Amino acid sequence: MTAYIRPDGNSVNAYLAEPKHAVNAPGIVVIQEWWGLNDQIKGVADRLAEAGYRALVPDLYRGKVALEANEAEHLMNDLNFGEAAGQDIRGAVQFLKSSGSAKVAVTGFCMGGALTVLSACNVPELDASVVWYGYPPLEYVDAKAVTKPMMAHWALHDDAFDIGGVDLLEAKLLDSGAHLEFYRYDAKHAFANEEADSRNLPFLKYQAEAAKLAWSRTMDFLKKQLHS
């Protein structure tokens with residue numbers, strides 16, 4: 001674990017995965033699902049590090065990790081999303097930039113996807129964003145503030161984030177001239193989380209084929225946005 005300073009001066013703990021050649025490597029801030037900073041999301045950061053990125057996962061729940069859905073819902077509901085985006089995530093982007101990464105993206109899953117959308121609006125230092133099946137209430141999305149490229153992966157059969165809301169979000173962002181790549185998959189929520197099935201929740205389902213395609217698209221997008 002490492003720590004960094006938010007814009008307001010408060011400290012945040014985080015998991016940092018460094019690539020073999022970390023000098024001047026691009027950075028990616030990885031935002032957790034509603035479960036917290038668990039081994040699965042650390043594994044995502046490790047995978048990004050293996051691909052050559054400095055991956056930082058802020059501990060948004062301050063050390064708490066949920067094992068059951070009711071615990072996760074409680075922790076998520078107690079989280080101040082505006083502060084998480086404008087302070088925790090912005091501070092993480094600033095930390096990566098100040099420590100050697102010329103360009104930094106933000107990516108997040110589920111709850112983290114919603115926070116990634118908010119970060120695209122509230123973190124001017126980020127260079128790109130990749131959203132995974134999560135979005136905030138649309139009234140909190142300042143579409144005109146989204147000035148950097150965004151890729152997003154959505155599940156057509158998502159009981160947690162209705163696909164109709166995705167259509168509305170896409171239209172709102174396009175109306176403001178945002179640069180978007182939205183992809184929809186014949187899948188359920190959390191289709192890229194290899195631990196989804198073990199949760200025994202009917203609205204979660206890992207789908208390897210969709211996950212592989214979405215990851216491939218993400219790698220191409222990050223290479224284009226962070227290496228140029």
Return yes when residue 5 is among the aliphatic types (A, V, I, L, M), within 27 Å of residue 82 (Cβ to Cβ) and surrounded by fewer than 21 Cβ atoms within 10 Å (Cβ to Cβ) and no when it is not. yes
Given the residues 65, 44, which is the only one that is β-branched (Val, Ile, Thr), more than 21 Å from residue 123 (Cα to Cα) and without any contact (Cβ under 8 Å) to a residue 60 or more places away in the chain? 65
Looking only at residues in the stretch 17-68 that are on the phi < 0 side of the Ramachandran plot, of a type in the set (Gly, Ala, Ser) and outside any helix (DSSP H, G or I), which one is surrounded by the fewest Cβ atoms within 10 Å (Cβ to Cβ)? 51
Quick check on residue 192: is it aliphatic (A, V, I, L, M), outside any loop (DSSP other than H, G, I, E, B), closer than 22 Å to residue 29 by Cα and touching a residue at least 24 places away in the same chain (Cβ under 8 Å)? no
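Is one or more of the residues making up the stretch 117-132 in a loop (DSSP other than H, G, I, E, B), hydroxyl-bearing (Ser, Thr, Tyr) and out of contact with any His (no Cβ under 9 Å at 6 or more places or on another chain)?
Checked against the condition, which is being in a loop (DSSP other than H, G, I, E, B), hydroxyl-bearing (Ser, Thr, Tyr) and out of contact with any His (no Cβ under 9 Å at 6 or more places or on another chain), the stretch 117-132 yields no hits at all.
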From 159, 167, which residue is assigned to a helix (DSSP H, G or I) and either within 26 Å of residue 213 (Cβ to Cβ) or of a type in the set (S, T, N, Q) (or both)? 167
Qualifying positions in the stretch 172-189 - at negative phi and either in a loop (DSSP other than H, G, I, E, B) or among the polar types (S, T, N, Q) (or both): 176, 178, 179
Within the bounds of the stretch 167-177, is there any residue that is at pLDDT 95 or above and under 16 Å from the mean Cα position of the chain (by Cα)? no
Matching option when the condition is touching a residue at least 40 places away in the same chain (Cβ under 8 Å) and in a loop (DSSP other than H, G, I, E, B), among 222, 201: 201
Going through the stretch 133-149 one residue at a time, which ones are among the aromatic types (Phe, Trp, Tyr) and not in a helix (DSSP H, G or I)? 133, 135
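The values are calculated or read from the model by the stated rules, or taken from the named source; none is laboratory data. Because the structure is predicted, anything quoted here is derived from the model rather than measured. Here Cβ is always computed from backbone atoms with ideal geometry, including for glycine, and neighbour counts include all displayed protein chains.
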